[in-house]
Amino acid sequence: RSVTQSVTQRVPCRFYEKVQALHQDPEASVDNPLLAFGLIKRLHSDWPNVIYSDEAAENTQALHAGLKEVEQELPGAEDLDGAARALMRLQDVYALSVKGMANGVFQRAGASRPPLYSPGRRVSLSADDCFHVGKVAYDMGDYYHSIAWLEEAVGLFRLSYGSWNPEDRSSLEDALDHLAFSYFMAGNISHALSLSREFLHYDPGNQRVVKNVAKYEKLLEMGTAASAGPLRRPNGTHLQSRDAYEELCQRPRGQVGLVGGCHGPPPHRCPPSHALLGPLSPQPAPERLPHLGCSYETNGSPYLLLQPAKKEMVWIRPYVALYHDFISDAEAETIKALAGPWLQRSVVASGEKQQKAEYRISKSAWLKDTADPVVRALEQRIAAVTGLDLRPPYAEYLQVVNYGLGGHYEPHFDHATSRKSPLYRMKSGNRIATVMIYLSAVEAGGSTAFIYANFSVPVVKNAALFWWNLRRNGDGDGDTLHAGCPVLAGDKWVANKWIHEHGQEFRRPCSVDPQD
């Protein structure tokens, strides 16, 4: 908005009308990942390209001054490259067609199923947009993705060849050049040669490409060119459970629990409507799951007598329960507002240190219970529902996390798997339990997938998901390996409360079975 106020009155009408048409609904810019990518790209590169173009020459001083007013608040190159990687992540995890994404359709590649997400208004990517995504992959040496996106860019540039937009940084020649080399690196020499020859049709004097053509022709004549096999998608984070993780993320959302609570006199028995089974497990018959159902719970706490917790038992092993209507809309908005100014890129434990990682993309902040009465009341509610001691140092501060464009967290354990973990610095043992509260709804994606247990739980606004990280004997529960699936559409906010094992000795005592 600040860019619009200070700059748009002095830019060419054509560009202003384009931007105005894209943002009639301000919320759509956040929800639709293609609009979000386009917004970041415009603020980082398209606006400056227009402002410094010949088309805007007569207003040069005013335009430059207007841009300077807001330049520090605009997205940087890291933001734009991160948005491009987010689109590639959505492409991979949800098996989306690149051509479909470029046309604003979120359809699985080669599938006849309904789209995973149908935005209210379809937004297409430009040739320059597709080129930038492909260029980010190209610069990382990721030719699997660069070929797909640069192919789309070349096709779109061919359709519009001869017309020029001052906001574009790339051209058909740029796309052909990068695509040809991508094919060469992937082992497809003949296609690299074909694209290079097409490049020379537009720029016959480019000596570098002339030399490349000669090199490709020689390789093909000598027969030394390796046969081009199918391109393999890179696994940058070396994720062993990638296939199972992605299958669970792709499960349809289906019916979302019993929002509004269980009905009828407690305890109310109901089938497990919330958990979405993965492809490896058939749906068990309800009669074979006697412990799954819904109930009103007081947990022996006076705090819950007048307003019992609405509990849905999602899974037995690992123990996973969902508490509906755990917080109100007003409380959720208060927590988001408190955390907003303090959000920073989330980090992960790496040995004895904490660092940023590509397998966790989100922003987070920590809130003490003294930050606001709402936080204090939420902590009391968590203690009442779980029956655990949350007094310092038995629990960590409330962590508020925002997963924006393509935000995700690949499969991980909440509990420490090494005694060198930073978690042990609290001197209160390992994380015994997790409470994750959904502060917002999303339109698509964002499920919590339990990999080895083979089920996923979609986002349910204002609900709290609870599970035990440790067995009663103190060992980590391997079945709690879980992931936050990438947000396909929407803005996902959660609040995490991690409770440690010390202080819980008489609240969750050991079992008579040492293996339990």
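The values are calculated or read from the model by the stated rules, or taken from the named source; none is laboratory data. Computed from a predicted structure; not experimentally measured. Cβ coordinates were reconstructed from backbone atoms using ideal geometry, including for glycine residues, and neighbour counts include every protein chain displayed. For accessibility, only protein heavy atoms count, side chains too; no ligands or nucleic acids. Shrake-Rupley method; radii C 1.70, N 1.55, O 1.52, S 1.80 Å.
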Looking at segment 120-170 only, could you name the residues that are over 24 Å from the mean Cα position of the chain (by Cα) and open to solvent by 40 Å² or more (accessible area, probe 1.4 Å)? Glu151, Leu156, Arg158, Leu159, Ser160, Tyr161, Gly162, Ser163, Trp164, Asn165, Asp168, Arg169
Total residues in segment 108-118, condition touching a residue at least 60 places away in the same chain (Cβ under 8 Å) and either open to solvent by less than 40 Å² (accessible area, probe 1.4 Å) or not assigned by the TED database to the domain that holds Gly134 (or both): 1
Kindly check whether there is at least one residue in segment 466-482 that is more than 24 Å from Glu396 (Cβ to Cβ), in contact (Cβ under 8 Å) with a residue 40 or more places away in the chain and outside the structural domain of Ser118 (by the TED database). no
Taking only segment 239-269 into account, find how many residues are farther than 30 Å from Cys294 by Cα and modelled with pLDDT of 85 or more. 3
Tell me yes or no: at least one residue of segment 433-442 is farther than 27 Å from Gly300 by Cα, in contact (Cβ under 8 Å) with a residue 60 or more places away in the chain and in contact with a Pro (Cβ under 8 Å, 6 or more places away or on another chain). no
Take segment 463-487 and flag every residue that is in a loop (DSSP other than H, G, I, E, B) and in contact with a helix residue (DSSP H, G or I) (Cβ under 6 Å, 6 or more places away or on another chain). Asn469, Cys485, Pro486
How many residues does segment 171-218 contain that are surrounded by fewer than 21 Cβ atoms within 10 Å (Cβ to Cβ) and either in contact with a strand residue (DSSP E or B) (Cβ under 7 Å, 6 or more places away or on another chain) or aromatic (Phe, Trp, Tyr) (or both)? 2
His482 - would you say it is out of contact with any Gly (no Cβ under 7 Å at 6 or more places or on another chain) and closer than 22 Å to Asp243 by Cβ? yes
Please work out which residue is modelled with the highest pLDDT, limiting yourself to segment 219-238 and to residues that are surrounded by 12 or more Cβ atoms within 10 Å (Cβ to Cβ) and out of contact with any helix residue (DSSP H, G or I) (no Cβ under 7 Å at 6 or more places or on another chain). Thr237
Would you say Lys368 is under 25 Å from Pro422 (Cβ atoms), open to solvent by 40 Å² or more (accessible area, probe 1.4 Å), out of contact with any Leu (no Cβ under 6 Å at 6 or more places or on another chain) and at pLDDT 95 or above? yes
Determine whether Ala464 is open to solvent by less than 10 Å² (accessible area, probe 1.4 Å) and either at pLDDT 95 or above or among the aromatic types (Phe, Trp, Tyr) (or both). yes
Log entry, pairs with first residue in segment 119-139 being outside the structural domain of Val105 (by the TED database) and aliphatic (A, V, I, L, M), second being at pLDDT 95 or above and surrounded by fewer than 20 Cβ atoms within 10 Å (Cβ to Cβ), beta carbons closer than 8 Å, six or more apart or on different chains, reads none
Scope segment 470-479; condition among the charged types (D, E, K, R) and over 24 Å from Glu246 (Cα atoms); matching residues: Arg471, Arg472, Asp475
Keeping to segment 467-516, report how many residues are of a type outside the set (Val, Ile, Thr) and under 30 Å from Pro115 (Cα atoms). 13
May I ask you to verify whether Ser170 is under 27 Å from Asp46 (Cβ atoms), of a type in the set (Ser, Thr, Tyr) and modelled with pLDDT of 95 or more? no
Of (1) modelled with pLDDT under 90; (2) more than 35 Å from the chain's Cα centre (by Cα), Val210 fails just (1)
For segment 397-438, which residues satisfy the criterion of being among the acidic types (Asp, Glu) and either out of contact with any Phe, Trp or Tyr (no Cβ under 8 Å at 6 or more places or on another chain) or open to solvent by less than 20 Å² (accessible area, probe 1.4 Å) (or both)? Asp414
Counting only residues that are in a helix (DSSP H, G or I), over 24 Å from Pro411 (Cβ atoms) and free of Cβ contacts under 8 Å to residues at least 60 places away in the same chain, segment 63-107 contains a total of 15
